[in-house]
Amino acid sequence: MDTETVLKIIEMINHDIAYINGTTEVTDPEKALFQYGGVIALAGFRDHLQSYIESQVNQVENEMNRGE
C-alpha cells in the first residue's frame, strides 16, 4: 500500500475520532458504551496503520545504512 495513502487514512481516522469525542454527548449508558467501543476500534485501526508506516520507515533506514 502507498505510504501517502496510509497517512491520509490515518488523518481521516483522527478526524472521525475527534468528531465523535467532541460533538456527540450521549446520556444513555448503552449508547455511550457503543460510542466508546467505536472510538476504541478506530484508534486500534489507526495504531495498526501507524505501525505499518513505522515499519516502512525502518526498512528504508536499514537499506540506507547498508549502502554506507
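None of the figures in this text is laboratory data; all of them are computed from the coordinates on show. Keep in mind the model is a prediction, meaning the values are calculated, not measured. Don't worry about glycine lacking a Cβ; one is built from the backbone with ideal geometry, like all the others, and counts go over all protein chains shown.
When the helix-only estimate is applied to the chain (DSSP H runs of n ≥ 4, each -39,500 (n - 2.57), divided by the residue count), what is the mean residue ellipticity at 222 nm, nearest 500 deg cm²/dmol?
Values: 2 runs with 59 residues, N = 68.
Rounded to the nearest 500, the figure is -31500 deg cm²/dmol.
Which log10 I(q)/I(0) values, to two decimals, does the stretch 3-66 give at q = 0.19, 0.20, 0.22 Å⁻¹ under the Debye formula with one point per Cα?
Rounded to two decimals, the profile gives -0.75, -0.79, -0.88.
Rounding to the nearest 10 and keeping the result within 0 to 90°, find how far the Cα-based axis of helix 29-66 lies from the longest principal axis of the chain.
That helix lies at roughly 10 degrees to the long axis.
Does anyone have the angle between helix 3-23 and the longest principal axis of the chain? Alpha-carbon axes, 0 to 90°, nearest 10?
20
What's the ranking of 44-50, 60-66 by average number of surrounding C-beta atoms within 10 Å, highest first? If you can, show how the numbers build up before the last one.
Values: 44-50: 13.4, 60-66: 9.1.
Averaged packing, sorted descending, gives the order 44-50, 60-66.
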